[in-house]
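Chemist: Take a look at the following structure, please.
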Amino acid sequence: MSSARDNILARLRKSDPSGDLPGSDFSVMEEKTWTAEEKIERLIAMMSAVNTELHKTTEAGWPDLVAELLKQREIDSLLIGTNNRLMDRLQGAWHGKGDAPDIRLYDRSYEDERAEVFAAPAALTTTRGGIAETGSLIVWPDAAEPRLLSLAPPVHIALLEADRLHNTFWQAMMAEGWKNGLPTNALLISGPSKTADIEQELTYGVHGPKELIVLIIEG
Amino acid sequence: MSGPSGDTFRERAGLALKDGELRANFRRAMDGLMGKRAAQFADADEWQRLRGLGESIRRRALSKLPDLLEQLEENLTNNGITVHWAETVEDANQIVLGILREKNAKTVVKGKSMVSEEMHLNDFLGRHGIRALEADLGEYIVQMAGETPSHIIMPAIHKNRKQIARLFKDRIDGFTYTEDAKEMTAAARAELRREFYEADAGLSGVNFAVAETGTLCLVENEGNGRMCTTVPPLHIAVTGIDKVVEKLEDVPPLFSLLTRSATGQPVTTYFNMISGPRSATDRDGPEEVHLILLDNGRTRIYADAETRRSLQCIRCGACMNHCPVYTRVGGHAYGGIYPGPIGKILTPQIDGIGQYGDLPSASSLCNACVEVCPVKIPIAQVLVRLRDEAAGHCSRPSVKESGAKKSTVQDMVWSGWKWMHESPGAYKFMSGVLTKTGNLTPAAAPLLKEWTSVRSKPKFAKKTLHQLAKEKGLADE
């Protein structure tokens, strides 16, 4: 198909639009800033507005909160990846408690585990950070936390460290130098899955999670 | 109901205007969308600076387009994504078919893609024994009804809940009739979950392709785009060659302009950035990712500095949401893939003036689309250019089938008009004749009847302005 490629490029190169090369003024992206406290409040307001449930908690307190949230929903198992920190924290907090949820691991390839992943009632993931302006979670799936954890189960619980909040998407990618190395899949997640395709009536839980619960870890 | 039929825009628009249900469906939707967009851009200074930035990003990308396409190809290839080039929709369809056959794929789940509509891909694959299933809820409804999208962002906007409920009752096994949007959505979720799980391949469009990093960006709310690009072992993305941006930092301003202009949302639920297939350490994601870069007339649009600006489009649909014509006739009246103001400039350029030369005239040039366009496409200016192209009055014609709507009668009328206004004697004579005989002309006279079919016939004064001035004692100089 190299001829199609050559033909397309040759046709484009017949024109010389180099005179039409305006500069880009990014100041409107640079100047949006909030204090640490404002960023948390803004994220909560933006995400609550699209049906996300948010809780402020602590590093010591979140495992019990997760157990409580699952209990409220009568969910008795939780799918997680192979993130050692999560596993240690959950096992430490839930050890010996008879009514604690079962911890299931997504620790093999999708082909070996797909039935279980699609049947899981809830999953827990970490996040890379958050965006205050739009109320978004930054999620970079990897081997320890595969892509489907935040997509297939109907309930997605996400841990967000309060000190990893950025003002805007643009500022996040610039501060972290994303252009120097993106993962195979990088995501912004800004609520549970939704649609308005039937008479513009907002309806949550189409193809992705029906519920998104964000635990903001402070301190 | 499959939308208004008819061979011309005029016929289809006439039918659509008489369809009260269709008009009510569009009116409700457009009013809501305009209000939500306005609320997003309440800060006029921010709006002007952001759209200025958006315009500069798109024009910069177009100014370097061939170089950026090569850079995109190189970086995607380095990331493990296979790049294909297609000059025509036939070529693009054959490439998709070849990739699917290589993998022995029988079913494809699709995320929303207007380029795949340009390709008529579903029909093509169907003819070759491959089932393509739309997974975006609106597209799923439209496909089930055997129709085409009537809006580029909300494909099923022409249907109300009763029409959708009846469709689901007929077509989904075990669906109990309900007009509750939540229950209808749940029924579609259950059907499509199984499809995602079992599909051999996923197909998607692309919102932005980043040359600098070799990244494909997808904007969506439902999660079907993530499903199509994550679950099946094969992901094929199709896009026009115009969707490339130079740098990763160009993406956030365009993403913000897109979601806020399109549906009045500050952000969509998912922003999905794909920079490669499943890696050696990843546990999920497709094993293969392909990108097809489609021309389909875009290089021709690119060749002229004025029409090139059509390619700045980021497909937000704000122009149609604010168009007084679109709101009244709906998307199907336009007949092409892209409806509304952007369709009026893209469709004749892609598919030719011969079939679509009447679209640029389906506008009052009110400029509402230009006011809201987040990347400042001079839509009205391009509409006028295309009218000149259609009538064969362009000094440097460049559009496909330019001059196809040339009319000798129309040209003669305008020549006569010009001659009369340039010649004082002729003007005086003609205006004198019209004061005497103008009101005797029947409303149904040729050339006049089109005007008088929807308007009152103009009434001629008894005396011309010249005569009145002379009676007042003004010198005729």
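Chemist: Would you mind ranking A:Leu160, A:Leu148, B:Leu137 by Cβ crowding within 10 Å, fewest neighbours first?
Modeler: A:Leu160, A:Leu148, B:Leu137
Chemist: Whose amide H sits under 5 Å from the amide H of A:Leu54, counting only residues 5 or more places off or on another chain, with H placed in the peptide plane?
Modeler: Hits under the 5 Å cutoff: A:Val214.
Chemist: Also, quick follow-up: Using the Karplus curve 6.51 cos²θ - 1.76 cosθ + 1.60 with θ = phi - 60°, work out ³J(HN,Hα) for each residue of the stretch A:109-126 in order, rounded to whole Hz, and write x for Gly and Pro.
Modeler: 6, 3, 4, 7, 10, 5, 4, 5, 5, 6, 8, 5, x, 7, 9, 10, 9, 8
Chemist: Please order A:Ser190, A:Ser15, B:Ser415 by the number of other Cβ within 10 Å, starting at the fewest.
Modeler: B:Ser415, A:Ser15, A:Ser190
Chemist: Turning to a different aspect of this structure: Distance from a point 7 Å along Cα→Cβ of A:Ala36 to each backbone N in the stretch A:188-219: keep the residues under 18 Å and list them by number.
Modeler: Of the residues in the stretch A:188-219, A:216-219 have backbone N under 18 Å from the label point off A:Ala36.
Chemist: How high is the relative contact order of chain B, in percent, counting Cα pairs under 8 Å that sit 6 or more residues apart?
Modeler: Relative CO of chain B lands at 18 percent.
Chemist: Would you mind getting me the FRET efficiency between B:Lys459 and B:His421? Use the beta-carbon distance for r and R0 = 35 Å, nearest 0.05.
Modeler: E between B:Lys459 and B:His421, to the nearest 0.05, is 0.95.
Chemist: Can you pull out the GluC sites (Glu not before Pro) in the stretch A:1-84 whose DSSP state is coil and whose Cβ has at most 16 other Cβ atoms within 10 Å?
Modeler: Sparse-neighbourhood loop GluC sites (Glu not before Pro): A:Glu31, A:Glu59, A:Glu74.
Chemist: For A:Asp163, project a label point 7 Å along Cα to C-beta. Then give me every residue of the stretch A:189-219 with its amide nitrogen under 12 Å of that point.
Modeler: A:218-219
Chemist: With the crude spin-label approximation of a point 7 Å out along Cα→Cβ, what separation in nm comes out for B:Val413 versus B:Gln467?
Modeler: 2.6
Chemist: Set Lys and Arg Cβ to +1 and Asp and Glu Cβ to -1, take the dipole of the protein assembly as shown about its Cα centre, and tell me which of B:Val89, B:Trp419, A:Pro146 lies farthest positive.
Modeler: Sorting the options by dipole projection puts first B:Trp419.
Chemist: Shifting gears a bit: In whole Hz and in residue order, list the ³J(HN,Hα) couplings for the stretch B:339-347 that follow from phi through the Karplus curve 6.51 cos²θ - 1.76 cosθ + 1.60, θ = phi - 60°; x for Gly and Pro.
Modeler: For the stretch B:339-347, the Karplus-derived couplings read x, x, x, 5, x, 5, 9, 7, 4 Hz, x marking Gly and Pro.
Chemist: Okay, moving on. Rounding to the nearest 20 debye, state how big the charge dipole of the stretch B:342-464 is about its Cα centre with +1 on each Lys and Arg Cβ and -1 on each Asp and Glu Cβ.
Modeler: My answer is approximately 620 debye.
Chemist: Can you work out ³J(HN,Hα) from phi for every residue in the stretch A:80-92, in order, using Karplus 6.51 cos²θ - 1.76 cosθ + 1.60 and θ = phi - 60°, giving whole Hz and x for Gly and Pro?
Modeler: Karplus values, whole Hz, x for Gly and Pro: 10, x, 10, 6, 4, 4, 4, 4, 4, 5, 5, 5, x.
Chemist: I've got another one for you. If you filter the stretch A:14-83 for trypsin sites (Lys or Arg not before Pro), then keep DSSP loop positions with at most 15 other Cβ within 10 Å, what is left?
Modeler: Loop-located and lightly packed - A:Lys14, A:Lys32, A:Arg73.
Chemist: By a straight-distance test (C-alpha under 20 Å), which lysines pair with B:Lys470 as possible cross-link partners, with residues fewer than eight away in the same chain excluded?
Modeler: B:Lys428, B:Lys436, B:Lys462
Chemist: Peptide B:281-290: average number of partner chain Cβ atoms within 10 Å per residue?
Modeler: That works out to 6 on average.
Chemist: Further question: Eigenvalues of the Cα gyration tensor times 5, then square-rooted: what semi-axes does that give for the stretch A:62-219, in whole angstrom, largest first?
Modeler: Semi-axes, largest first: 25, 20, 17 Å.
Chemist: Would you mind checking the radius of gyration and Dmax of the protein assembly as shown based on alpha-carbon positions, in Å?
Modeler: Looking at the protein assembly as shown, its Cα Rg and Dmax stand at 28.4, 111 Å.
Chemist: Determine by what factor the alpha-carbon radius of gyration of the stretch A:19-63 differs from 2.2 N^0.38 Å, reporting the quotient.
Modeler: So the Cα radius of gyration is 1.91 times the expected 2.2 N^0.38 Å.
Chemist: A follow-up question, please. In terms of modelled amide H atoms, which long-range or inter-chain residues lie less than 5 Å from the amide H of B:Val83?
Modeler: When sequence neighbours closer than 5 places are left aside, the close amide H contacts are B:Leu291.
Chemist: Which Cys residues of chain B have no other Cys Cβ less than 4.7 Å away and so no disulfide-compatible partner by this rule?
Modeler: That list is B:Cys217, B:Cys228, B:Cys313, B:Cys316, B:Cys323, B:Cys366, B:Cys373, B:Cys394.
Chemist: Also, I was wondering about something else. As I understand it, the dipole of chain A uses +1 on the Cβ of Lys and Arg and -1 on the Cβ of Asp and Glu, about the Cα centre. Which of A:Thr126, A:His95, A:Ser109 lies farthest toward its positive end?
Modeler: Selected residue: A:Ser109.
Chemist: Further, regarding this structure: Semi-axes of the equivalent ellipsoid for the stretch B:63-296, please: Cα gyration tensor eigenvalues, times 5, square-rooted, ordered largest first, whole Å.
Modeler: 29, 20, 17
Chemist: Return the long-range amide H neighbours of B:Thr215 (sequence gap of 5 or more, or a different chain), with a cut-off of under 5 Å between placed amide H atoms.
Modeler: Close amide H contacts, sequence-distant or interchain: B:Val210.
Chemist: Here is a further query. Based on the alpha-carbon set only, what is the convex hull volume of chain B divided per residue, in Å³?
Modeler: So the per-residue hull volume is 181 Å³.
Chemist: Okay, moving on. Within a 10 angstrom radius of the beta carbon, how do B:Lys436, B:Lys457 rank from fewest other beta carbons to most?
Modeler: B:Lys436, B:Lys457
Where a number appears in this text, it was derived from the coordinates with a stated rule and is not lab data. Note that the structure is predicted; figures quoted are calculated from it, not measured. Cβ coordinates were reconstructed from backbone atoms using ideal geometry, including for glycine residues, and neighbour counts include every protein chain displayed.
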